[in-house]
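A short worksheet on the structure shown next.
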């Protein structure tokens with residue numbers, strides 16, 4: 001599914017996407033929605049089941065002004 005279609009279908013929800021196509025600037029162009037919810041916590045739970053997949057968490061609405069986003073990458077052995 002194209003990302004613009006995902007944004008329309010899951011308006012104002014968090015989505016966990018297994019992406020299949022990225023743009024040159026690494027934005028999602030196409031992918032499959034693995035999970036969607038109004039709560040980020042539900043998406044984080046679903047994220048635990050995606051080991052080895054190319055995934056992204058996206059919000060399909062306007063970002064609240066008081067929201068800060070932080071990315072944390074960890075390596076496991």
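The values are calculated or read from the model by the stated rules, or taken from the named source; none is laboratory data. Note that the coordinates shown come from a computational prediction; the quantities given were computed from them, not determined experimentally. As a convention, Cβ positions derive from the backbone with ideal geometry for all residues, glycine included, and neighbour counts pool all protein chains shown.
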Which condition from (1) over 22 Å from residue 68 (Cα atoms); (2) loosely packed, with under 13 Cβ neighbours inside 10 Å; (3) at pLDDT 95 or above is the one that residue 11 breaks?
(1)
Could you please let me know if residue 56 is loosely packed, with under 13 Cβ neighbours inside 10 Å, in contact with a strand residue (DSSP E or B) (Cβ under 9 Å, 6 or more places away or on another chain) and at pLDDT below 95?
no
Quickly run through the range 21-42 and pick out the residues that are in contact (Cβ under 8 Å) with a residue 24 or more places away in the chain and touching a strand residue (DSSP E or B) at 6+ places or on another chain (Cβ under 8 Å).
28, 29, 30, 31, 32, 33, 36, 37, 38, 39, 40, 42
Could you count how many residues in the range 43-70 are part of a strand (DSSP E or B) and either free of Cβ contacts under 8 Å to residues at least 40 places away in the same chain or at positive phi (or both)?
1
Being surrounded by fewer than 15 Cβ atoms within 10 Å (Cβ to Cβ) and within 11 Å of the chain's Cα centre (by Cα) is the filter here; which residues of the range 28-49 pass it?
32, 40, 44
